[in-house]
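Enquirer: Got a structure here, written out as structure tokens. Questions coming.
Every read-out reported here was derived from the displayed coordinates using simple, explicitly stated rules and does not represent laboratory data. On a predicted model such as this, the values are computed, not experimentally measured, just so you know. In this analysis, Cβ positions are derived from the backbone assuming ideal geometry, glycine residues included, and neighbour counts consider all displayed protein chains.
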Amino acid sequence: MTQTRETESVDLTTVCHVRAPLLLEPIDEQIETLQACESEGAIDDLLIRSWPKEVALSEESPHQEVFTNYETLTQWADERGVTVRPPFRERSTTSQVTGKTRDLLVTPLLCLELYADDELLGVFPHSDETTDETYTTDEAIATLRTGELPTPLGSREPAAEEFESTTSTNCPDCGGTLIDGQGLFGCSDCGWVGTVTQSGRRESRSNQHARDSESPVVETR
């Protein structure tokens, strides 16, 4: 589950979230290894951030940045068909004094975010619920130490806007709606006629004819 890093094309940043009071073995060993990765050039930047063991799931919570981060991580996991629950957990607690129930988000001891430039490449740990396989922080850090990129579990699902862009049948000349005539598309606004490839690219019939005429003719004997 690795891939070669193209060090000259992207800046690789690792964000390490950890519970500060529990910065003990074996957690500190993982951080030391990440620091070695940074000093050796396996990663470009290492950001270490602490977070509490649990935070209240409410708008009044002083830890709103934890919620924002959690939403980013869960969105990444949903796009790949994997989960970060666990290591994140949600639980409820009721005060014996006031009887008020609070919903809490429990954070993992350590969590990694891996970015290429501004793109989130991976969150560790995460799990594939179908195969019960988990990609741990230990495995991710060990892979980084070798100079390679950890390849997350699952596969990325295209976003809705990406799917729409590849299946759009708008006229490439005027932007009007193309009418499908059994694979041959025509625009009633400007008269454009052509086809739409499986990749979503629109090609006019005139361009097709020109390309076909330029194709070499193979003689057979």
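Enquirer: What nm distance separates the two modelled labels at residue 177 and residue 61, each placed 7 Å from Cα along Cα→Cβ?
Expert: Modelled inter-label distance: 4.5 nm.
Enquirer: If I model a spin label at residue 23 and residue 133 as a point 7 Å from the Cα along the Cα→Cβ vector, what separation in nanometres do I get?
Expert: Between residue 23 and residue 133, the label points sit 3.5 nm apart.
Enquirer: Can you pull the one-decimal nm distance between simple spin-label points at residue 117 and residue 10, each 7 Å off the Cα toward Cβ?
Expert: Inter-label distance under the simple model: 0.9 nm.
Enquirer: Suppose the chain between residue 188 and residue 89 were pulled fully straight at 0.36 nm per residue; how much longer would it get relative to their current alpha carbon spacing? All intermediate terms of the calculation are to be shown ahead of the outcome.
Expert: On the way: separation 99, 0.36 × 99 = 35.64 nm, distance 5.49 nm.
Here the segment from residue 188 to residue 89 would lengthen by 30.2 nm.
Enquirer: Nearest 0.05, what FRET efficiency do residue 156 and residue 97 give at R0 = 30 Å with Cβ-Cβ as r?
Expert: Values: r = 47 Å, r/R0 = 1.57.
Given R0 = 30 Å and the Cβ-Cβ separation, E is 0.05.
Enquirer: Assuming 0.36 nm per residue, please report the length gained on full extension of the stretch residue 36 to residue 106 beyond their Cα-Cα distance. Working shown, then result.
Expert: Details: separation 70, 0.36 × 70 = 25.20 nm, distance 2.89 nm.
Taking residue 36 through residue 106 to full extension adds about 22.3 nm, to one decimal.
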